[in-house]
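Peer 1: One structure, as structure tokens, below. Some questions next.
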Amino acid sequence: MHLDAFELHRPESLSETLRLAQTWAGQSDFLAGGTDLLPNYKMHLNLRPHLIALDRVSELGGVSLDRFGATATLGELERYLGQARAYPGVADAVTEVATPLVRATATLGGNLLVDTRCFFFNQSHFWRQSLGYCLKADGDRCHVVPQKERCYATFSGDLAPALMVVDAEVEVAGASGVRRLPLRDLYDRTGDGIRRLRLAPGELLVAVHLPSEARQFRASYLKLRIRPSFDFPELGVAVAARTDGDRIEALRLAVGGLETYPRRFDELTDPLEGQRWSEERIRDLAAAVSAAVRPVRNTSLAPDYRKRMAGVYVRRAIDRMRHRGG
Ligand SMILES: Cc1cc2nc3c(=O)[nH]c(=O)nc-3n(C[C@H](O)[C@H](O)[C@H](O)COP(=O)(O)OP(=O)(O)OC[C@H]3O[C@@H](n4cnc5c(N)ncnc54)[C@H](O)[C@@H]3O)c2cc1C
Ligand code: SF4
């Protein structure tokens, strides 16, 4: 594996970054920590000739209680959340991403926009060529679900579900200005699995914003993976709730690591608002999540197992959240 030549641009302001993105539209990628993009480039996955580095753009950095900059490293976020004792579910998730070495370089923006993963995609060029490539890079068919329309590669970022359940919003900037949208709407579930983000060409992530209500939630994040010291999630469950005693005032649940998109389950949690916690309600919620998710055979663990564990992890994540301080 080797890295082909590319031209590296290192803008020092947001406006210069956006201008470069317009100049090289369709021929460039943004480069943050490079921990996802560069290994993919080494495997010749969807190469572009220009990289626009974000590390010198001060508008994208910084971490505070209500704003996490897109280029804040995961290590920086982890330290901040530990000291501030804030957003326990996000703190659970960030501590479980990869290794301390990766977290020292990987950024929040890169984690939210990390490419989806699949056995048949995260492979060397030689390996993929021997199979005739696939829809997501260089080919025209899918090896996991044989057809030519849609990719089922798995979204394997830990932070998105944990941030979604505290109603985080993302700030994005592009040629037509700056806008904000709920994080859960950043992921376009209606797409073909390849174009799966609601970002216009050349738009970039500036920051994640946390509403003040987010600090009233108890929360937790639990992750299933093979090697606890290192691996991507085979399943991640995030849950957050605001309660009055045993009465649920607000409840959010999101799941990642199973499908092409991190997914929030408002249709299952909204009916529980106003109710009291009970073993039966938790069991029913867990069973409904497990029934709804559709993992496919493209990661290390079998889809049936991951589907079953989704229910188990929903119960465990709720238990952990409820036994945690406010
Ligand atoms: C060994 C290893 C283990 C890992 N394990 C885990 C794990 O357990 N859990 C997990 O969640 N992740 C895991 N990862 C993935 C890791 O979290 C991501 O690689 C990292 O978060 C990506 O951040 P980055 O800054 O390096 O992004 P980059 O690699 O620089 O970029 C990733 C993508 O995001 C785009 N991008 C980045 N920032 C912006 C922005 N501000 N605006 C627009 N586009 C942007 C890039 O163009 C690229 O498409 C692992 C990675 C490695 C190498
Ligand atoms: S799910 Fe199919 S199209 Fe997508 S990366 Fe895997 S093999 Fe390729």
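Peer 1: Identify, among SER176, TYR261, THR190, the residue whose Cα sits farthest towards the positive end of the charge dipole of the range 157-281, taking +1 on the Cβ of Lys and Arg and -1 on the Cβ of Asp and Glu, with the dipole about the Cα centre.
Peer 2: SER176
Peer 1: Suppose R0 equals 22 Å. What FRET efficiency, 1/(1 + (r/R0)^6) with r the Cβ-Cβ distance, do ARG150 and ALA292 give to the nearest 0.05? Show your work: numbers first, answer last.
Peer 2: Values: r = 18 Å, r/R0 = 0.84.
Efficiency at R0 = 22 Å is approximately 0.75.
Peer 1: Work out the FRET efficiency for LEU3 and TYR305 from their Cβ-Cβ distance, taking R0 = 35 Å, and round it to the nearest 0.05.
Peer 2: Computed FRET efficiency for LEU3 and TYR305: 0.45.
Peer 1: Between Rg and the Kirkwood Rh of the range 193-321, both from Cα atoms, what is the Rg to Rh ratio?
Peer 2: That ratio equals 1.00.
Peer 1: A further question on this structure: Could you work out which residue, out of PHE230, PHE121, PHE68, moves most in a Gaussian network model of the chain, that is, has the largest mean-square fluctuation with Cα springs under 10 Å?
Peer 2: PHE230
Peer 1: Can you give the relative contact order of the chain as a percent, counting alpha carbon pairs under 8 Å and 6+ residues apart?
Peer 2: Working: 674 pairs, mean separation 52.7, N = 326.
Reported relative contact order: 16 percent.
Peer 1: Report the net charge of residues surrounding ASP188, where surrounding means a beta-carbon distance below 9 angstrom and charges are Lys +1, Arg +1, Asp -1, Glu -1.
Peer 2: Details: positive: ARG189, ARG195, ARG196, ARG198; negative: ASP185.
Value of the local net charge: +3.
Peer 1: Report the dimensions of the range 1-151 along its three principal axes from the alpha-carbon atoms, largest first, rounded to Å.
Peer 2: Between the extreme Cα coordinates on each principal axis of the range 1-151 lie 50, 36, 28 Å.
Peer 1: Any idea what angle helix 74-84 forms with the longest principal axis of the chain, computed on alpha-carbon atoms, 0 to 90 degrees, nearest 10?
Peer 2: 30
Peer 1: With the crude spin-label approximation of a point 7 Å out along Cα→Cβ, what separation in nm comes out for ARG141 versus SER278?
Peer 2: Spacing of the two 7 Å Cα→Cβ label points: 5.2 nm.
Peer 1: What FRET efficiency do you get for ARG247 and ARG215 if R0 is 30 Å and r is their Cβ-Cβ distance, rounded to the nearest 0.05?
Peer 2: 0.95
Peer 1: Which one, PRO146, PRO303, PRO39, has the greatest fluctuation when you compute a Gaussian network model over the chain with C-alpha springs under 10 angstrom?
Peer 2: PRO146
Peer 1: For all pairs of alpha-carbon atoms in the range 226-283, what percent lies in each bin of width 5 Å, listed from the first bin to the last filled one?
Peer 2: So the P(r) values, bin by bin, are 4, 17, 22, 20, 13, 11, 9, 3.
Peer 1: Name the most mobile residue of THR99, THR17, THR299, meaning the one with the largest mean-square fluctuation, in a Gaussian network model of the chain with Cα contacts below 10 Å.
Peer 2: THR99
Peer 1: List the lysines whose alpha-carbon lies under 25 Å from that of LYS223, not counting same-chain residues fewer than 8 positions away?
Peer 2: Reachable lysines: LYS307.
Peer 1: Residues of the range 31-62 with backbone nitrogen within less than 14 Å of a virtual label 7 Å along the Cα-to-Cβ line of LEU101, please, listed as ranges.
Peer 2: 35
Peer 1: Now a separate question. To one decimal place, what Kirkwood hydrodynamic radius in Å is obtained for the range 79-216 from all pairs of distinct Cα atoms?
Peer 2: Hydrodynamic radius (Kirkwood, Cα pairs) of the range 79-216 is 16.9 Å.
Peer 1: Now for a different question. Quick one: net charge around THR269, please, counting Lys, Arg +1 and Asp, Glu -1 for every other residue with C-beta under 11 Å from its C-beta.
Peer 2: -1
Peer 1: As I understand it, the value is the acute angle between the Cα axis of helix 279-292 and the longest principal axis of the Cα atoms of the chain; what does it come to in degrees, rounded to 10?
Peer 2: 30
Peer 1: Regarding the range 1-56, what's the average projected area of the Cα-atom convex hull, expressed in nm²?
Peer 2: Spelled out: convex hull of the Cα atoms, projected over all directions, averaged, 3.5 nm².
Peer 1: Size of the chain along its principal axes in angstrom, Cα-based, largest extent first?
Peer 2: For the chain, the Cα extents along the three principal axes come out at 59, 44, 35 Å.
Peer 1: So which lysines can LYS136 reach, going by Cα to Cα under 17 Å and dropping same-chain residues fewer than 8 places off?
Peer 2: LYS42, LYS148
Any read-out appearing in this document is the output of simple, stated calculations on the displayed coordinates, not a laboratory observation. Note that the structure is a prediction, hence the values are computed from the model and not measured. For neighbour counting, all protein chains shown are included, and Cβ atoms are generated from backbone atoms with ideal geometry for every residue, glycine included.
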